[in-house]
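Below is one structure, written out as structure tokens, with a few remarks after it.
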Amino acid sequence: MLAYVIRRLFAVAMMLLVVTLTTFVIFFVLPKWAGMDPAYLFAGKQTDPASIEGIRQKLGLADPVLVQFWHFVQGLFVGRDYISGTDVTHCPAPCFGYSFRTEQEVWPQLTEAIPVTLSLAAGACVLWVVGGVATGVVSALRRGTLWDRAAMTVALAGVSLPIYFTGLLSLAIFSYQLDWVSGEFAPFSEDPAQWFQTLILPWITLAFLYAAMYARLTRATMLEIMGEDYIRTARAKGLTEKVVIGRHAMRSTWTPVLTLLGLDLGALLGGAVLTESTYNLPGLGHLAIDSIETKDLPLILGVTLIAALFICVANLFVDLLYAVIDPRVRIG
């Protein structure tokens, strides 16, 4: 088990290194090849050539690409110094650089947005996993009944309706007409009631979409598993239906569910763009949209790397859960 964990950690580290290199090339090398110098984005349009050259020297944009990448990676772990003549600006680790728009450090802006996205993703995840898996199991056990048909119809609607439609519809009903949900987002540590009130609608909107997919996946998997030989053997031994389903069938059902959960949760932690924009939540997705509109390359790069980190960590967590649920993973 320890060797398996070490292999997975090494794979995650290599993946993050590749993602870092790729995103760095996209945001700082390709713009130069396209004739768009990042120094002009930092300085603005009306700037004299001397100022542009000073910015280029301070940000290290005049160095070779490999040197720039080394300084960027070094800044993530030990910080980085930006030198312009006798002026030295130290960016503490993890240093993602300075925003082109606000000229503030990128990392503090990310740390302000991450708790919002974590709150949104965690609450919605609990709702959709519990609701979706439970609905799928019941539908599989009651195949062909009115419950099964009704649940799968609702699930089909949940998969088909986009978030910006269900989100705006829920806002129109529960916020604008009934005035049940209002106010701006507040951290849990400052106002738990306001935190819950502003997130309940986004949670339900996200959970409705994802629970529908999990219900359909769970139902299909359960129907396949209930026909396996080891399920018939367990019943032949005289085990109760509750034990057969809970201990044997559900254990195999969780494998594809966890696979989908790792992908979905990792992507959401990187920023639920549509949901955060619809409900005006100041999370990573909303921050990404703003930085793209203003061509704020360091901020876009920071959000991209954080999103990649969350996806890798979520998939690592799922891989470790595989080993707990299925002993064949540990043996292999």
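The values are calculated or read from the model by the stated rules, or taken from the named source; none is laboratory data. Keep in mind the model is a prediction, meaning the values are calculated, not measured. In this analysis, Cβ positions are derived from the backbone assuming ideal geometry, glycine residues included, and neighbour counts consider all displayed protein chains. The area values use the complete protein model at the heavy-atom level, side chains included, leaving out ligands, DNA and RNA. Shrake-Rupley method; radii C 1.70, N 1.55, O 1.52, S 1.80 Å.
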Could you report the accessible area of Ser139 in Å², rounded to 10, computed with a 1.4 Å probe on the protein chains as they sit in the structure? 0 Å²
Carbon and sulfur atoms account, in whole percent of the 1.4 Å probe accessible area of the chain, for 67 percent
Any chance you could check the Cα centroid distance between region 267-325 and region 24-89 for me, in angstrom? 25 Å
Cα principal axis extents for region 35-132, largest first, Å: 61, 31, 23
Over all distinct alpha-carbon pairs, what is the Kirkwood Rh of region 191-332 in angstrom? 18.0 Å
Given the Cα-Cα distance of Val324 and Ile52 and 0.36 nm per residue of separation, how much length would full extension add, in nm? 92.3 nm
Among the helices of the chain (complete DSSP H runs), which have Cα atoms covering no less than 30 Å along the helix axis and a Kyte-Doolittle mean of at least 0.5? 2-24, 106-141, 192-225, 297-325
Ser189, Ser99, reordered so the largest accessible area comes first (probe 1.4 Å): Ser189, Ser99
Set Lys and Arg Cβ to +1 and Asp and Glu Cβ to -1, take the dipole of region 95-230 about its Cα centre, and tell me which of Gly123, Tyr210, Ala193 lies farthest positive. Tyr210
With every protein chain present, what is the per residue accessible area of the chain (1.4 Å probe, Å²)? 54 Å²
Unpaired by the 4.7 Å Cβ criterion, cysteines found in the chain: Cys125, Cys312
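Ranked highest first by average number of other Cβ atoms within 10 Å, how do 218-226, 199-207 line up?
Ranking, from highest mean packing down: 199-207, 218-226.
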Compute the normalised compactness of the chain: alpha-carbon radius of gyration over 2.2 N^0.38 Å, N being the residue count. 1.23
Simple label model, 7 Å out from Cα along Cβ direction - Ala193 to Leu263, nm: 4.2 nm
Quick one: length gained pulling Leu146 to Val5 fully straight, 0.36 nm per residue minus the C-alpha distance? 46.2 nm
Provide, for q = 0.17, 0.21 Å⁻¹, the log10 of I(q)/I(0) from a solvent-free Debye sum over equal Cα point scatterers in region 108-235. -0.92, -1.16
Given only helices, namely DSSP H runs of n ≥ 4 each adding -39500 (n - 2.57), what is the per-residue ellipticity at 222 nm of the chain, to the nearest 500 deg cm²/dmol? -22500 deg cm²/dmol
